[in-house]
Amino acid sequence: MTVAFYTLGCKVNQQETNSMRLLFERAGYKTVPFEEKADVYVVNTCTVTHVSDKKSRQHISRAHANNPEAIIAVVGCYAQNKPEEVGQMPGVSLVIGTQHREQIVELVEQAMSQNVVEDIQKAKTFEALPVALNVERTRVQVKIQDGCDRYCAYCIIPYVRGPVRSCPLSDVQKTLAHLSEQNVGELVLTGIHLMSYGKDLPGNQTLAGVIKAAAGLPGIGRVRLGSLEPALVDDSFVETLKEIPSNKLCEQFHLSLQSGSACVLKRMGRRYTTVQYKEAVERLRGAFPNCAITTDVIAGFPGETLEEHNECKAFLKEIGFARIHVFPYSRREGTCAAEMKGQLSKQIKQLRAKELILLGADMEAQFLRAQIGTNHLLLVEERGEGMCEGYTGNYCRVRAQYKGENVELLPVRIVGVEGETLIGECIGQNKI
Ligand code: SF4
């Protein structure tokens, strides 16, 4: 039997798809590319914006077109949010949502048409899915937390991912020890609201504890963190990061800002002000001077005035980000913001998004230029004729001439920029 996968959305979805692929392969299935004819299709959906819903539906239809006889299983957030709607789509045999993925093989084998979506708000424990390692062992994502209880006004995620559930630290440590034996280049810690890790667990089980445990293992080259909550990047958290041996922690911190206007932040229900956000950034830059601060920004939140939009732009410039992901506001039914007055037109949202994207491109180019003359460890992901490419700890893509033996982490000095890629020269390990 063959199975094919298509994943939309975040790192957590990507990791969950890798886990489901592992479950099918353990059951004897052969994974084939999504475009090919397969006996089973698994579409792991996202519902963060209406565009994600549309793309999810498009790929469900594509699976049906690829093989009208196939079993199509739709999992993830869109399926959790609209199970009936998904279940009525042609060819859909199974709707799973954001739970019970560990039983997906059994469910697929029982499926003639089934809907196993349950009330996610009743979910109590973390669903442990196997961690899939890619053959290159370069980068592995480990999801340690699920759910979110922040209820930001625009966000549908708490309604589809449910309450905070964390993987017990002892189970996380077992997974980390197993991965360390495999010699992994980079481990990415992910979660729906990563910094809520341990909130639901007894005793002192914290994200800081997980980071230290991972960075302390010899077989894990370095640790990268998923999205962080600005309000929780306090002195003690940064002190913990500073204790991690250099080069074992990736100096890229993704702090979702969402808006640079203090009033809009308040209406969004975000739990920090622009002043507090800036303080969090300064704490990180104080500890890691050449770190990359990356972020997400929503353009055109309901009621956003031109003045607030300009305030947002000014704040983005003041911080100077390495990369900005911009999203035009997407009205999500069931969220507070969906009922707010002052919904802006599509044109205005797209116009403001375009301005922020251009601003972000300038900042990214500045950040890349500022890397010239600095030394980094490059995680080698591709090798060609005397060349290799990959990412630095502060998440810059680098190309370098290299003819030596296979290495995971290559010391390089940045000597130039070509578009969005840095040019590196190999240097001795002692120079890092
Ligand atoms: S913190 Fe806010 S934006 Fe992030 S997942 Fe939770 S509700 Fe959504």
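Scanning segment 264-286 for residues that are surrounded by 15 or more Cβ atoms within 10 Å (Cβ to Cβ) and either touching a Leu at 6+ places or on another chain (Cβ under 9 Å) or acidic (Asp, Glu) (or both) turns up LEU265, ARG270, TYR272, THR274, TYR277, GLU279, ALA280, VAL281, LEU284. When LEU316, LEU284, LEU232, LEU241 are checked against the criterion of being within 16 Å of the ligand (Cβ to nearest atom) and touching a residue at least 24 places away in the same chain (Cβ under 8 Å), LEU232 stands alone in meeting it. Each residue in segment 15-30 was checked for being buried (at least 19 other Cβ atoms within 10 Å of the Cβ) and either in contact with a Phe, Trp or Tyr (Cβ under 7 Å, 6 or more places away or on another chain) or under 24 Å from LEU189 (Cβ atoms) (or both), and 8 of them qualify.
Scanning segment 178-191 for residues that are open to solvent by 10 Å² or more (accessible area, probe 1.4 Å) and at pLDDT below 95 yields a total of 5.
The C-beta contact set for segment 259-273 (first residue of a type in the set (Gly, Ala, Ser), second residue more than 12 Å from the ligand (Cβ to nearest atom) and open to solvent by 60 Å² or more (accessible area, probe 1.4 Å), distance under 6 angstrom, 6+ apart or interchain) comprises SER261/GLU311; ALA262/THR273. Residues of segment 415-432 that are part of a strand (DSSP E or B) and either open to solvent by 60 Å² or more (accessible area, probe 1.4 Å) or modelled with pLDDT under 95 (or both): VAL415, GLU418, GLU425, CYS426. Among the residues making up segment 245-260, those that are farther than 22 Å from ILE156 by Cα and open to solvent by less than 40 Å² (accessible area, probe 1.4 Å) are LYS248, LEU249, CYS250, GLN252, PHE253.
Looking across segment 384-396, the residues that are surrounded by fewer than 21 Cβ atoms within 10 Å (Cβ to Cβ) and either under 20 Å from VAL140 (Cβ atoms) or under 26 Å from the mean Cα position of the chain (by Cα) (or both) come down to GLU389, ASN394, TYR395.
What is the number of the single condition among (1) open to solvent by 20 Å² or more (accessible area, probe 1.4 Å); (2) within 16 Å of the ligand (Cβ to nearest atom) that ALA213 does not meet? Status for ALA213: all satisfied but (2). Residue count for segment 7-29 under the criterion of being within 16 Å of the chain's Cα centre (by Cα) and not in a helix (DSSP H, G or I): the result is 4. Considered as a group, the residues in segment 329-346 that are crowded, with 20+ Cβ neighbours inside 10 Å and at pLDDT below 95 include one that is farthest from LEU265 (Cα to Cα), and that residue is ARG332. The residues listed here are HIS59, HIS100; of these, the one that is at pLDDT below 90, closer than 27 Å to ASP146 by Cα, open to solvent by less than 60 Å² (accessible area, probe 1.4 Å) and within 26 Å of the chain's Cα centre (by Cα) is HIS100. Taken over segment 397-414, the criterion of being in a loop (DSSP other than H, G, I, E, B) and either of a type in the set (Gly, Ala, Ser) or open to solvent by 40 Å² or more (accessible area, probe 1.4 Å) (or both) is satisfied by LYS403, GLY404, GLU405, ASN406, VAL407, GLU408.
Might you let me know whether segment 347-368 holds any residue that is among the basic types (Lys, Arg), surrounded by fewer than 20 Cβ atoms within 10 Å (Cβ to Cβ) and either farther than 26 Å from GLY221 by Cβ or modelled with pLDDT of 95 or more (or both)?
Going residue by residue through segment 347-368, those that are among the basic types (Lys, Arg) are 349, 352, 354.
If we keep only those that are surrounded by fewer than 20 Cβ atoms within 10 Å (Cβ to Cβ) too, we end up with 354.
Narrowing further to those that are either farther than 26 Å from GLY221 by Cβ or modelled with pLDDT of 95 or more (or both): 354.
Within segment 347-368, one or more residues are among the basic types (Lys, Arg), surrounded by fewer than 20 Cβ atoms within 10 Å (Cβ to Cβ) and either farther than 26 Å from GLY221 by Cβ or modelled with pLDDT of 95 or more (or both).
Residue count for segment 85-97 under the criterion of being free of Cβ contacts under 8 Å to residues at least 24 places away in the same chain and not in a strand (DSSP E or B): the result is 2. Counting the residues of segment 132-171 that are in a helix (DSSP H, G or I), open to solvent by 20 Å² or more (accessible area, probe 1.4 Å) and in contact (Cβ under 8 Å) with a residue 24 or more places away in the chain gives 4.
Conditions tested, residue by residue: (1) part of a strand (DSSP E or B); (2) within 30 Å of VAL326 (Cα to Cα); (3) in contact with a strand residue (DSSP E or B) (Cβ under 6 Å, 6 or more places away or on another chain).
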position: GLN343; (1), (2), (3): no, yes, no
position: LYS349; (1), (2), (3): no, yes, yes
position: LYS354; (1), (2), (3): no, yes, no
position: LEU359; (1), (2), (3): no, yes, no
position: LEU378; (1), (2), (3): yes, yes, yes
position: GLU389; (1), (2), (3): yes, yes, yes
position: TYR395; (1), (2), (3): no, yes, yes
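The residue that is surrounded by the fewest Cβ atoms within 10 Å (Cβ to Cβ), among those in segment 63-84 that are under 27 Å from the mean Cα position of the chain (by Cα) and part of a strand (DSSP E or B), is ILE72.
Test TYR277 against the criterion of being within 16 Å of the ligand (Cβ to nearest atom) and in contact with a strand residue (DSSP E or B) (Cβ under 8 Å, 6 or more places away or on another chain), and give yes or no. Don't jump to the end; show me each part of the working.
Working: within 16 Å of the ligand (Cβ to nearest atom): yes; in contact with a strand residue (DSSP E or B) (Cβ under 8 Å, 6 or more places away or on another chain): yes.
In short, yes.
Only residues that are under 30 Å from LYS248 (Cβ atoms) and surrounded by fewer than 23 Cβ atoms within 10 Å (Cβ to Cβ): list them for segment 293-316, please. The answer is THR294, ASP296.
The values are calculated or read from the model by the stated rules, or taken from the named source; none is laboratory data. Just so it is clear, the model here is predicted, and its values are computed rather than measured. Reconstructed Cβ throughout: ideal geometry from the backbone, glycine too, with neighbour counts over all protein chains shown. Keep in mind that these areas ignore ligands, DNA and RNA; they rest on the heavy atoms of the full protein, side chains included. Shrake-Rupley method; radii C 1.70, N 1.55, O 1.52, S 1.80 Å.
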